[in-house]
Amino acid sequence: SYTTVRFQKVLFPRQAGTLPISAGTVSCSARVGGGSRDPFDRFFGDDVFGARGTYRKFVTPSNSLTLYVRALPAEGQPANFSGLIGTYRIEASATPTCVNVGDPITLTVKVRGADYLKAVELPPLDRQPALARDFKIPAEMAPGKLEGDAKVFTQTIRAQHPGVKEIPPIELSYFDSRTGKYDVATATSKFYTQET
């Protein structure tokens, strides 16, 4: 008799082409041979089940695999393509919503949609032209945190002039594997600035 154990590992190919996956192995120690069935051995032997024997190590290989990875199309690829594959949506919020010019604003961006969000990174916000035009944005951004079905990123920004009433659309470009086309998810957040 034996027990079957099944596990999965998610892989993300880094390049196109034919990618071989070599055989894996699993090892275990299994009892071989029999032992005494004397009832006293059940209590005084080294096996509480009364079937002492010797153990051997077994190593079993799996089959090998081959993946065929297609290259992403060059046509229609956005200049700010983030390398994300799948379907995504984002939302943004800012606090506080009424500030003076130069006051710190906490911008929160939530990314949803993909089955595996751990590897998802938000493109640097200081490279988003519309956002950088109206706000001072540090070059460094804190790493995102997984919260439920979303990965949450926070960034401190500061309005550069009065009259700004919203955060310009934050863009996250991705390749939609269902449609075979590139797409862009956007998010905005409203707030108000006033003269100091």
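The values are calculated or read from the model by the stated rules, or taken from the named source; none is laboratory data. Since this is a predicted model, take the numbers as computed values, not measurements. Heads up, the Cβs are rebuilt from the backbone with ideal geometry, glycines too, and the neighbour counts pull from every protein chain shown. Just the protein is used for accessible areas: all its heavy atoms, side chains included, with ligands, DNA and RNA removed. Shrake-Rupley method; radii C 1.70, N 1.55, O 1.52, S 1.80 Å.
Can you name every residue in the stretch 117-133 that is more than 12 Å from the chain's Cα centre (by Cα), without any contact (Cβ under 8 Å) to a residue 40 or more places away in the chain and either surrounded by 19 or more Cβ atoms within 10 Å (Cβ to Cβ) or at positive phi (or both)?
Matches in the stretch 117-133: L131 only.
Assigned to a strand (DSSP E or B) and of a type in the set (V, I, T), is that true of T87?
no
Which pairs do you get when a residue that is closer than 21 Å to P124 by Cβ and open to solvent by 20 Å² or more (accessible area, probe 1.4 Å), found in the stretch 79-107, comes within reach of a residue that is basic (K, R) and at pLDDT below 90, reach meaning Cβ atoms under 8 angstrom, with the pair 6+ apart or on two chains?
Qualifying pairs under 8 Å: N80/R127.
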